[in-house]
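Contents: one structure, followed by commentary.
Values in this text are rule-based calculations from the coordinates and carry no lab data. Every value quoted in this text rests on a predicted model; they were computed, and no experiment measured them. When we count neighbours, we look across all protein chains shown, and the Cβ atoms used for this are built from the backbone with ideal geometry, even at glycine.
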Amino acid sequence: MTNRRPPAIQVHGLEKSYKELRVLRGVDFEVARGGIFALLGSNGAGKTTVVKILSTLLKADAGTARVNGFDVATQGADVRESISLTGQFAAVDEILSGRENLVLVARLRHVRNPGGIADDLLRRFSLTDAGGRRVATYSGGMRRRLDIAMSLIGDPAVIFLDEPTTGLDPQARIEVWQAVKDLAAGGTTVLLTTQYLDEAEQLADRIAILHEGRILVDGTLDELRRLLPPAKVEYVEKQPTLEDVFLSLVGTKS
């Protein structure tokens, strides 16, 4: 009999304050290995603070968190070797070509055959034809895909994507969504923060709604939909959308 693998991410009782502002008020969730977990919330809900704590960029005031089996507070070096973090804006060098960006990161991470790794990632993210062009000529979606490709160098077990489609047009968002789906299909665990309801619906295996520093609900899309009764119009059952669930829990500001 084989033991169930522990979750890729375990968060219990996480708290963080900045002077009088309580940003996180006891956050709890777990992320299964190889899945896409969406942390959904409005601006200021605490999503980026959670990611910074999990990636060892920030210390929590209370609570515990483990990533890939390592404690973020006491085993920071092991956590950093296990993860990659992609922030809200693409961290690419516009002067270099796409391939040169990938080779540079591969060399910085001391991996073997940086050129071969760069070519493989260009293929995986449909950037081969643009690989020799300066990144300054790339569209927003291409830059974001390149940014995510760079984050895969070194084969991290867990990738944090903090608002990965902020500022992108609809076509670019779809390109990034496909890239994220491909990551999970390849076995990488993805923690995605977003304020876009449709993004969480499209990508996530599980969704947690973070509001004012607390997790209001955590479940699959179907489980969240069942929190609200279906509306009936002319005897046709209509399932509640994720937007209905979100607004019912968070409420609207007057």
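Mind pulling the angle between the C-alpha long axis of helix 114-124 and the longest principal axis of the chain? Nearest 10 degrees, somewhere in 0 to 90.
50 degrees
At R0 = 25 Å, how high is the FRET efficiency between R33 and K238 if r is their beta carbon distance? Nearest 0.05 is fine.
On the way: r = 35 Å, r/R0 = 1.39.
Taking R0 as 25 Å, the efficiency between R33 and K238 is 0.10.
Which percent, to the nearest 5, of DSSP beta bridges fully inside the chain are antiparallel?
Numbers: 24 of 42 bridges.
Roughly 55 percent of the beta bridges in the chain run antiparallel, per DSSP.
Which longest run of the chain has no exposed loop site in it, a site being GluC sites (Glu not before Pro) in a DSSP loop with at most 13 other beta carbons within 10 Å, and the site itself not part of the run?
The answer is 95-233.
Read through the labelled values [x] 27.1, 98; [y] 19.2, 63; [z] 24.0, 78 and report the label of the one computed as Rg and Dmax of the Cα atoms in Å from the structure.
[y]
Points 7 angstrom from Cα along the Cβ direction at E100 and R214: gap in nanometres?
5.2 nm
Please identify, among L152, L40, L242, the residue showing maximal mean-square fluctuation in a Gaussian network model of the chain using a 10 angstrom Cα cutoff.
L242
Hey, got a sec? Which chymotrypsin sites (Phe, Trp or Tyr not before Pro) in region 35-116 land in a DSSP loop and have at most 16 other Cβ atoms within 10 Å? Numbers along the way, then the final one.
Details: sites: F37, F70, F89; in loops: F89.
Loop-located and lightly packed - F89.
Under 5 Å between amide hydrogens, which residues at least 5 positions from S97 or on another chain qualify, with H placed 1.01 Å from N in the peptide plane?
HN-HN under 5 Å from S97: V135.
Taking the Cβ of R25 as the centre, find all other residues whose Cβ is under 10 Å away and add up their charges (Lys, Arg: +1; Asp, Glu: -1). Intermediate results must be reported in sequence, preceding the final value.
Details: positive: K16, R22, R214; negative: E15, E212.
Taking every Cβ under 10 Å from that of R25, the sum is +1.
Number of Lys pairs in the chain with C-alpha atoms less than 22 angstrom apart, excluding same-chain neighbours closer than eight positions?
Within the chain, the lysine pair count is 9.
Quick check: the distance between the Cα centres of region 56-128 and region 14-29, to the nearest angstrom?
27 Å
Expressed in nm to one decimal, what extension gain is obtained for the pair D93 and Q171 from 0.36 nm per residue of sequence separation less their Cα-Cα distance?
Values: separation 78, 0.36 × 78 = 28.08 nm, distance 2.26 nm.
So the chain would gain 25.8 nm between D93 and Q171.
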